[in-house]
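Notes to accompany the following structure.
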Amino acid sequence: MDPKLLVTVILFGPLVGALTAGLFGKKLGDTVSMAVTTGFLMLSAVLSWVVFSSWTWGGLEPFTLTYLPFIQVGDFISNWSFRLDGLSAVMLVVVTTVSSLVHLYSWGYMAEDPARPRFFAYLSLFTFAMLALISAADFMQLFFGWEGVGLASYLLIGFWHHKPTANAASIKAFVVNRVGDFGFALGIMTVFWSLHTIQFAEIFPLVAAHANDSWLFAGQHWRLMDLACALLFVGAMGKSAQFFLHTWLPDAMEGPTPVSALIHAATMVTAGVYMVCLLSPMFEYAPVAKHIVVIIGAITSLFAATVGMTQNDIKRVIAYSTCSQLGYMFMAAGVGAYQASMFHLFTHAFFKALLFLGAGSVIHAMAHEQDMRRYGGLAKYLPVTFWVMTFGTIAITGLGIPGLEIGFAGFYSKDSIIHAAYAAGLAGDPLGYFAFVVGVFVALLTAFYSWRVAFFTFNGKARWTSEDLEHHWHNRDHAHDGAHDDTHAHADAAHAETHSEPDHGEHGHLPHESPWTMRLPLILLSLGAIFAGFAFHEKFIGAEQIEFWKGAIFTGAGNHVLAEHELPLLIEQAPLIAGVIGLLIAAYVYLLKPGLGAKLAAQNGPLYVFFYNKWFFDELYQATFVRLAKFLGDLFWKGGDQKIIDGLGPDGVSAVSLQIGKGAGRFQTGFLYHYAFVMLVGVAAILSYALWAWNV
């Protein structure tokens, strides 16, 4: 079949599904709406794998398919196009596979929600916007998809709009991303103003010739590529929740769990990583911007890992894990290992979607309780969920056998990032060593908090009773509109650790496996978590990478992916050693010494308080930007708009007219002698004026 026809169906299939369910969902009904959207997504996923296979093994060459003109104003020309190369081929399978499985999973998870057509329409709209983003041939279409996923994420995070927390989270995500998008827009303007084009195929050949051009910006002379790439990276910081612009990501957990998996695993948050790798020909000529990427990525990875260790909401732990893993991807891109960055994006999509959807299965089984301190002993009740989440945990922690090169997905991709960072240091980039040290330490923290989730949830004594579940089910059944409430329990840590074994009464509720519509996606994703690294590491970062990428990634002198085999043995094994240490610490705290974690938390040490409160970023932003914005808003609204503009303008004029009318109305008494007296006074005044004027 013609690849151009395939990519057209892949791109527009989700849009057709979204329009069908969104516009006609009430008439078609829930089942038909879900079937149409899920069917189009699965078709896109199957065709994406066909295209990916043709690219990987069938010799398919890059091409650009132009559909119609978008914007043409002078030199500014943008067309609606589909660009197929190594990067977009990878992203096609990532986005459509995860999205189609999330659609299928939502059949079970959202089974009792009254607004399913709207939910599935939003999911498909989100996927279409992401496909438009990854297939863009110029900056304008990239920006269109960029803003499209922002809009769809706002709708999905705030889907349960009866929850004030969900509304606040959706607004927060939208506003924070606007900050990043402002920098992104400035970067696009910088590129167009300097190179007079926004077409990627025209920009990349011009980069080397204009690499040393400079701009005066904010009182400083900046190299053109450094300025443009730094501004574009600000957009990536917002979309991929990097340090300073990360605060929206954990709050996005207020949306339904399938939304969390879709946003955090393979789509919206990876857009920034994809954009940096796509623009590798520009970033390779922007050393300052690359250093910014490394520093922000490393700090983000460390920050999120430290916060993830102390959180008790299972979805929030996994959310901070996403933030940390994105930091790894940016570290790789910053040291020039774009292939390793994309490889980790690819593998991360499988095991992170698996962990999120697995967490949703646990939440479903526990009557929508999300506090891990009320879990425990669930392995025998949820065997499928237990095993698939164990596979996901092994994958994210990167456990494997270095000598034999056998391991789960994260073993290949995350280790390649850490090794590339060390190789960059050997090549003379001091930030390479910095990224290496941070990467190894974060690998330890990742193993600790990931196994903490697993042990807290599935092992040890049960910290729940059947009466607890019955109470939660009762509350859920009476929730507003019958929607899932995903409320956060605020249990006391000491109480959670010392809770008795479950007492299953005659009519008590027990945890139960989710329906097959939820379990099947977990099983399929677990296959990716297990085999994706082994199956594709040679293509992405190994001996076959040149043939695989076919020029989609610019491999300059700073690319160190191929230097892994030249590293000392201790350096090669450092990520594995760190992961094992993290596993042993988690096993000691939560298996051998149950209750130790709660005792340490109860001490409220300064580090624990600092990490638990997320480095106090929310409080800091509330005290500065939020209050300042509210103060300025009140000042301009009450002082400027109401008092000055309206007070001296329409409101002032109307008030004066009203007072004059009221004053004049006092003379309208209705008595004839009053009117005669006024007339007499008027005649006397006129005669007096006439006599005065005559004498003058």
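Looking only at residues that are outside any helix (DSSP H, G or I) and under 9 Å from the mean Cα position of the chain (by Cα) in the range 233-245, which one is modelled with the lowest pLDDT?
Across the range 233-245, the extreme among qualifying residues is ALA241.
Of the candidates ALA152, ALA173, ALA241, ALA166, the single residue that is of a type in the set (A, V, I, L, M, F, W, C), in contact (Cβ under 8 Å) with a residue 12 or more places away in the chain and on the phi > 0 side of the Ramachandran plot is ALA241. The residue pairs whose first member lies in the range 606-620 and is touching a residue at least 24 places away in the same chain (Cβ under 8 Å) and among the hydrophobic types (A, V, I, L, M, F, W, C), whose second member is outside any helix (DSSP H, G or I) and open to solvent by 70 Å² or more (accessible area, probe 1.4 Å), and whose beta carbons are closer than 9 Å, counting only pairs six or more residues apart or on different chains, are PHE617/PHE244. Remark: ARG116 falls outside the filter, which requires a residue to be open to solvent by 50 Å² or more (accessible area, probe 1.4 Å) and basic (Lys, Arg). Screening PHE128 with (1) within 17 Å of the chain's Cα centre (by Cα); (2) more than 21 Å from ALA236 (Cα to Cα); (3) among the aromatic types (Phe, Trp, Tyr) gives one miss only, at (2).
Residues that are farther than 25 Å from GLY360 by Cα and touching a strand residue (DSSP E or B) at 6+ places or on another chain (Cβ under 7 Å) within the range 386-410 comprise GLY400, ILE401, ILE406, GLY407, listed in sequence order. ALA420 meets the conditions (1) under 16 Å from LEU570 (Cα atoms); (2) open to solvent by 10 Å² or more (accessible area, probe 1.4 Å); (3) of a type in the set (Gly, Ala, Ser) in every case but one. The failed one is (2).
ALA111 meets each of the listed conditions (1) touching a residue at least 12 places away in the same chain (Cβ under 8 Å); (2) over 30 Å from LEU279 (Cα atoms); (3) part of a helix (DSSP H, G or I) apart from (3). Residue count for the range 621-651, restricted to those that are of a type outside the set (Gly, Ala, Ser) and more than 19 Å from VAL176 (Cβ to Cβ): 15.
Among the residues making up the range 2-16, those that are free of Cβ contacts under 8 Å to residues at least 40 places away in the same chain and either open to solvent by less than 40 Å² (accessible area, probe 1.4 Å) or of a type outside the set (Val, Ile, Thr) (or both) are ASP2, LEU5, GLY13. The residue that is least open to solvent (accessible area, probe 1.4 Å), counting only those in the range 17-47 that are more than 16 Å from ALA111 (Cα to Cα) and polar (S, T, N, Q), is SER44. Which count do you get for residues in the range 179-189 that are without any contact (Cβ under 8 Å) to a residue 60 or more places away in the chain and open to solvent by 70 Å² or more (accessible area, probe 1.4 Å)? Looking only at that region, the number is 2. Say whether the condition of being aromatic (Phe, Trp, Tyr), under 30 Å from GLY460 (Cα atoms) and in contact with a helix residue (DSSP H, G or I) (Cβ under 9 Å, 6 or more places away or on another chain) is met by at least one residue in the range 577-597. Yes.
Among all positions in the range 171-184, there is no residue which is in contact with an Asp or Glu (Cβ under 8 Å, 6 or more places away or on another chain), of a type in the set (Lys, Arg) and more than 27 Å from ALA359 (Cβ to Cβ).
Would you say VAL288 is β-branched (Val, Ile, Thr), surrounded by fewer than 24 Cβ atoms within 10 Å (Cβ to Cβ), more than 16 Å from the chain's Cα centre (by Cα) and more than 22 Å from PHE346 (Cβ to Cβ)? For VAL288, the condition - β-branched (Val, Ile, Thr), surrounded by fewer than 24 Cβ atoms within 10 Å (Cβ to Cβ), more than 16 Å from the chain's Cα centre (by Cα) and more than 22 Å from PHE346 (Cβ to Cβ) - is met. The residues on offer are ALA201, ALA209, ALA230, and the sole one that is in a helix (DSSP H, G or I), open to solvent by less than 70 Å² (accessible area, probe 1.4 Å) and small (Gly, Ala, Ser) is ALA230. Taking the residues in the range 347-379 that are basic (Lys, Arg) and modelled with pLDDT under 90 as candidates, determine which candidate is surrounded by the fewest Cβ atoms within 10 Å (Cβ to Cβ). In this case the residue turns out to be ARG374. In the range 545-569, the residues that are farther than 15 Å from ALA340 by Cα and surrounded by 13 or more Cβ atoms within 10 Å (Cβ to Cβ) form Cβ pairs under 8 Å with partners that are at pLDDT 70 or above and of a type in the set (D, E, K, R), at six or more places apart or across chains, as follows: LYS550/GLU61; LYS550/ASP85. Just one of (1) within 26 Å of PHE204 (Cα to Cα); (2) open to solvent by less than 10 Å² (accessible area, probe 1.4 Å) fails for TRP80. It is (2). Of the helices (runs of 4 or more DSSP H) contained entirely in the range 487-578, those carrying at least 3 residues that are at pLDDT 85 or above fall at 516-540, 545-549.
Put simply, of ALA152, ALA136 the only residue that is within 27 Å of ILE363 (Cβ to Cβ) and either at pLDDT below 95 or in contact with a Gly (Cβ under 7 Å, 6 or more places away or on another chain) (or both) is ALA152. Restricting the first member to the range 667-682 and to residues that are open to solvent by 100 Å² or more (accessible area, probe 1.4 Å), and the second to residues that are of a type outside the set (A, V, I, L, M) and part of a helix (DSSP H, G or I), the beta-carbon pairs closer than 8 Å and six or more apart or on different chains are PHE667/HIS674.
Yes or no, residue by residue, for (1) surrounded by 15 or more Cβ atoms within 10 Å (Cβ to Cβ); (2) charged (D, E, K, R); (3) more than 30 Å from ILE546 (Cβ to Cβ):
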site: PRO575; (1), (2), (3): yes, no, no
site: GLY579; (1), (2), (3): yes, no, yes
site: LEU584; (1), (2), (3): no, no, yes
site: GLN622; (1), (2), (3): no, no, yes
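Of the helices (runs of 4 or more DSSP H) that lie entirely inside the range 585-696, those containing 2 or more residues that are among the aromatic types (Phe, Trp, Tyr) and more than 30 Å from ALA168 (Cα to Cα) span 672-695. In this structure, is VAL293 closer than 20 Å to LEU620 by Cα, of a type in the set (A, V, I, L, M, F, W, C), out of contact with any Ser or Thr (no Cβ under 8 Å at 6 or more places or on another chain) and crowded, with 24+ Cβ neighbours inside 10 Å? It is false that VAL293 is closer than 20 Å to LEU620 by Cα, of a type in the set (A, V, I, L, M, F, W, C), out of contact with any Ser or Thr (no Cβ under 8 Å at 6 or more places or on another chain) and crowded, with 24+ Cβ neighbours inside 10 Å.
Could you please tell me which pairs satisfy a Cβ distance under 7 Å, a separation of 6+ or placement on different chains, a first residue in the range 70-94 that is farther than 30 Å from HIS348 by Cβ, and a second residue that is open to solvent by less than 50 Å² (accessible area, probe 1.4 Å) and of a type in the set (Asp, Glu)? Correct list of pairs: SER78/ASP138. Only one of the numbered conditions (1) buried (at least 24 other Cβ atoms within 10 Å of the Cβ); (2) touching a Leu at 6+ places or on another chain (Cβ under 8 Å); (3) not charged (D, E, K, R) is not met by MET309, and that is (1).
In the range 154-169, is there at least one residue being out of contact with any Ser or Thr (no Cβ under 6 Å at 6 or more places or on another chain), open to solvent by less than 50 Å² (accessible area, probe 1.4 Å), among the hydroxyl-bearing types (Ser, Thr, Tyr) and part of a helix (DSSP H, G or I)? Within the range 154-169, not a single residue is out of contact with any Ser or Thr (no Cβ under 6 Å at 6 or more places or on another chain), open to solvent by less than 50 Å² (accessible area, probe 1.4 Å), among the hydroxyl-bearing types (Ser, Thr, Tyr) and part of a helix (DSSP H, G or I).
The values are calculated or read from the model by the stated rules, or taken from the named source; none is laboratory data. This is a predicted model, so every value here is computed, not measured. Positions of Cβ are backbone-derived with ideal geometry, glycine not excepted, and every protein chain shown enters the neighbour counts. Heads up: the accessible areas ignore ligands, DNA and RNA and are worked out on the full protein's heavy atoms, side chains in. Shrake-Rupley method; radii C 1.70, N 1.55, O 1.52, S 1.80 Å.
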